[in-house]
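The values are calculated or read from the model by the stated rules, or taken from the named source; none is laboratory data. All figures in this text were calculated on a predicted structure; none of them were measured in a lab. Positions of Cβ are backbone-derived with ideal geometry, glycine not excepted, and every protein chain shown enters the neighbour counts.
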Amino acid sequence: MNKTFNHHFRQGCFVGMGIPGISLAASFFALGALFKNTGLDATQSFLSTLISFALPGQVVMAETLIVHGTFLNIFLSVYLTNARLYPMTINLIPVIREQNRPRWHYYIVAHFIAVTSWVHMLNNYKTVKKENRFSFFLGLSATLWIMSTITTVIGFYTAGVISKNIFIAIIYLNPIYFMCMIVAGLNKNYIILTVVLSVILSPILYLVTPSWSVLVAGLIAGITSYLIIIR
């Protein structure tokens with residue numbers, strides 16, 4: 001590793017230990033308590049975040065365990081929930097790609113992609129030179145992964161100490177941060193149109209299909225924005 005890589009890797013680590021890391025770690029802290037209530041042990045909780053690192057999918061897994069779902073139920077639920085990471089990865093890799101970097105490096109960094117690091121990088125990639133984006137993102141995302149794994153275990157062991165209401169409040173910190181990042185990125189017409197259409201369509205579609213209203217609204221809004229503005 002050269003000095004330039006190390007410098008930007010450290011920069012990514014410092015950013016990860018700031019607001020992005022605090023908000024994400026807080027959610028995984030609450031997730032650790034949820035895991036304990038589902039009957040998982042500390043090792044299983046630790047490995048869940050270490051290996052999968054996908055908060056929505058892990059929450060779905062925990063909820064399915066609570067209602068005694070089968071292995072197939074859990075597999076399909078988590079698979080469909082985490083399918084969102086595929087288009088996120090496809091979208092991000094061209095942003096951080098370097099000309100001479102081996103392809104297998106990107107397979108490694110893909111494991112660390114989460115909504116928090118993805119949104120932060122897409123909102124700020126222009127502030128980092130093209131040749132330094134990979135090292136910066138690796139530092140950012142790896143730091144978030146490590147912090148999340150550690151706080152999952154801490155949350156597991158403090159589940160009986162902190163009240164349930166506090167845990168519920170904590171788990172919403174990351175979605176709130178994510179929402180704020182989206183609002184901060186409302187400087188592009190296609191994003192504005194997507195958000196506005198989603199807000200309008202969601203309550204209307206809720207009357208038709210409550211369970212699918214948000215997903216369908218987002219899908220319609222995104223496709224419409226693409227066809228009208230981007231294409």
* Asked: Which residue, of 77, 163, 141, is among the hydroxyl-bearing types (Ser, Thr, Tyr), out of contact with any Gly (no Cβ under 7 Å at 6 or more places or on another chain) and in contact (Cβ under 8 Å) with a residue 40 or more places away in the chain?
  -> 141
* Tell me, please, whether a residue that is touching a helix residue (DSSP H, G or I) at 6+ places or on another chain (Cβ under 6 Å), charged (D, E, K, R), in a helix (DSSP H, G or I) and closer than 30 Å to residue 98 by Cβ can be found in the range 117-127. => no
* **Condition met for residue 93 (surrounded by fewer than 20 Cβ atoms within 10 Å (Cβ to Cβ) and touching a Phe, Trp or Tyr at 6+ places or on another chain (Cβ under 7 Å))** => yes
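Results for (1) touching a Leu at 6+ places or on another chain (Cβ under 9 Å); (2) of a type in the set (Lys, Arg); (3) farther than 24 Å from residue 42 by Cα; (4) not in a loop (DSSP other than H, G, I, E, B), shown as yes or no for each residue.
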residue: 69; (1), (2), (3), (4): no, no, no, no
residue: 77; (1), (2), (3), (4): no, no, no, yes
residue: 86; (1), (2), (3), (4): no, no, yes, yes
residue: 90; (1), (2), (3), (4): no, no, yes, yes
residue: 99; (1), (2), (3), (4): no, no, yes, no
residue: 134; (1), (2), (3), (4): no, no, yes, yes
residue: 139; (1), (2), (3), (4): no, no, yes, yes
residue: 146; (1), (2), (3), (4): no, no, no, yes
residue: 150; (1), (2), (3), (4): no, no, no, yes
* In the range 145-153, is there at least one residue being under 23 Å from the mean Cα position of the chain (by Cα) and not assigned by TED's automatic domain parsing to the domain that holds residue 49? -> no
